[in-house]
Structure formats: C-alpha cells, structure tokens
Amino acid sequence: MSYPRRKLDLNLLILERRSCEAMEYAARLRDPNWDFRRFEALHFGTMEHPEMTDEYDAFRVLSQAEEYLDELDRQIPFLLPLERGQHYAWELFVELPRVGGSRSTRQLWNRLARAMSDVALPMETDEFIERYSERLQELLSEATDMGDRFYLADLDYGGWNGGIISKDFLVDGLEMLAAKLKSPVYDRGRKDETEKAPEEVPKDAGAGAPEKVLKEVPKDAEAEAAETTGEAPGAVGVPAETEAEKLLG
C-alpha cells in the first residue's frame, strides 16, 4: 500500500525531484520570485545568518503543494522500503554518509538523490557506478579541486567550511549506497535473463500540475546530482572505495 507524500517529512520529500517540483510550482504560483535553493539552504543549515519568512516556512510550503503531491501519488506511488512494487534509487539516499560532513554536504546529498529520482531499482552495481560517475562529474564541473576536498561556490552561503565537500564524504557515500543497493529491500525482484527490466519513470510524467506548466519550473529544483554504488558483481575484488577514488581523481 502506497503512502501519501503530503504526510511525509520534508527530509524525505527533498530527496525526490518531482516532489520538489511540486513544492516549487505551488510556491511560485503565489510568489514568482520564490527560490527553491534558498528554501533548501534555510532548512538544512547551510546559511550563515538565516532570515526565515512566511513564504519559506516548511509547513506552509508543503500545505500549498498538497494538491500536486496527491496527483503525483496517483501517477507514481510512494512505497515504504519493505513494500513490494517499483522502487527508485533516490530512496537509497535517506541516510547521510558517516564521515566528512560540512555545512554544505547535506544540500549536495539532496541534489545527488534528486538526480536519481527516475532510476529504477533493482540495478546491477556496475551500471549504478556508471550513472553515478556521469552525474557526479557534471555536478563537480564548476568545482575547485583542493586535494582532499572540493569547493563549490554554488553551495557557499557563508560561514566556516561553506561550499566545502570532502572527498571522504563522497567515498563513504559510495560505499554506503553500494551496500544498500545489494540489500534484500532493494534487490528484491532482481531480473534474470528472461525477465523484463523495470521501466524508468517517463521524463514527461507530471507532478500534479499541468504538464506544460511543470516544464516551466527551472531546473534548479531538479538539482544536478549523482548516483553512487559499490563493488561490481563479478569484478575481481574491486571495492567501492577504489571506484570512488577513481571517480574523484
């Protein structure tokens, strides 16, 4: 049985791209200048001196988006982890990596998850690594490589270590996602050679608002991000950390 998105915590909804599109669409109907990135930074602690205003209140934003979240439920049901049905890779991101955290890592992690919103599970580990690699490289294309960390000006809202992303954070995240990918919860129903692979969500699937209008929502809400995983099945002793370090140079 699916669970209504309007009853979910913001910490979960923020990980799914289409839920974020629904929230942004509803907020911009009332204020065309409403900024999703500011909303995310306010609620995940990346702003040095946050000034909370009514239009950025989480309860208000979610209440305004209920109609569109309900419509999204009808199109793409949200399943709890142990429920049978089609699951997607963003669900792997509900837990943060354990090391290398900074003021900006949660917002980056959210973006990684949203980039995985349309990727259907189960998935072979090596394919997961490939997709993660592509998206991570896109996300870090404007970053400054500082050796053991990256600096992303786009995530710097002031304060100590603003915009800093530790490479240890990304390595640990890759290992964690790889382990989750192989867990019975998300490995259930893995296809064999005779079964049909799960279909990914169509790119034009709406989030409750008219399709035409949703396409007008800037891609900022989609958050460019990345996939991540661990050792490839059958690969001769290639650990997740090795793959992560290879991606990070």
List every residue pair whose Cβ atoms lie under 6 Å apart, where the two residues are 6 or more positions apart in sequence or sit on different chains, the first residue falls within the range 80-107 and is closer than 26 Å to PRO184 by Cβ and part of a loop (DSSP other than H, G, I, E, B), and the second residue, located anywhere, is of a type in the set (Phe, Trp, Tyr) and open to solvent by 20 Å² or more (accessible area, probe 1.4 Å).
-> LEU80/TYR3
Filter the range 43-64 down to the residues that are part of a loop (DSSP other than H, G, I, E, B) and open to solvent by 70 Å² or more (accessible area, probe 1.4 Å), then identify the one that is nearest to ASP154 (Cα to Cα).
-> GLU48
Considering the range 22-42, residues that are assigned to a loop (DSSP other than H, G, I, E, B) and not hydrophobic (A, V, I, L, M, F, W, C), and then whichever is surrounded by the most Cβ atoms within 10 Å (Cβ to Cβ), we arrive at ASP35
Note down all Cβ pairs under 9 Å where the first residue falls in the range 46-75 and is under 13 Å from TYR25 (Cα atoms) and free of Cβ contacts under 8 Å to residues at least 12 places away in the same chain, the second is in a helix (DSSP H, G or I) and open to solvent by 80 Å² or more (accessible area, probe 1.4 Å), and they're at least six residues apart or on different chains.
-> SER63/ARG6
Would you say THR144 is modelled with pLDDT of 90 or more and β-branched (Val, Ile, Thr)?
-> no
Inside the range 65-87, can you point out the residues that are over 21 Å from VAL119 (Cβ atoms) and surrounded by fewer than 18 Cβ atoms within 10 Å (Cβ to Cβ)?
-> GLU66, GLU67, ASP70, GLU71, ARG74
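Conditions (1) part of a helix (DSSP H, G or I); (2) open to solvent by 20 Å² or more (accessible area, probe 1.4 Å), marked per residue:
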{"residue": "ASP126", "(1), (2)": "yes, yes"}
{"residue": "ILE129", "(1), (2)": "yes, no"}
{"residue": "ARG135", "(1), (2)": "yes, yes"}
{"residue": "GLU138", "(1), (2)": "yes, yes"}
{"residue": "TRP160", "(1), (2)": "no, yes"}
{"residue": "ASP168", "(1), (2)": "yes, yes"}
{"residue": "LEU177", "(1), (2)": "yes, no"}
{"residue": "TYR186", "(1), (2)": "yes, yes"}
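The values are calculated or read from the model by the stated rules, or taken from the named source; none is laboratory data. Quick caveat: nothing in here was measured; it's all calculated off a predicted structure. Every residue, glycine among them, receives a Cβ derived from its backbone with ideal geometry; neighbour counts consider all protein chains shown. We work out accessible area using only protein heavy atoms, side chains counted, and drop any ligands, DNA or RNA first. Shrake-Rupley method; radii C 1.70, N 1.55, O 1.52, S 1.80 Å.
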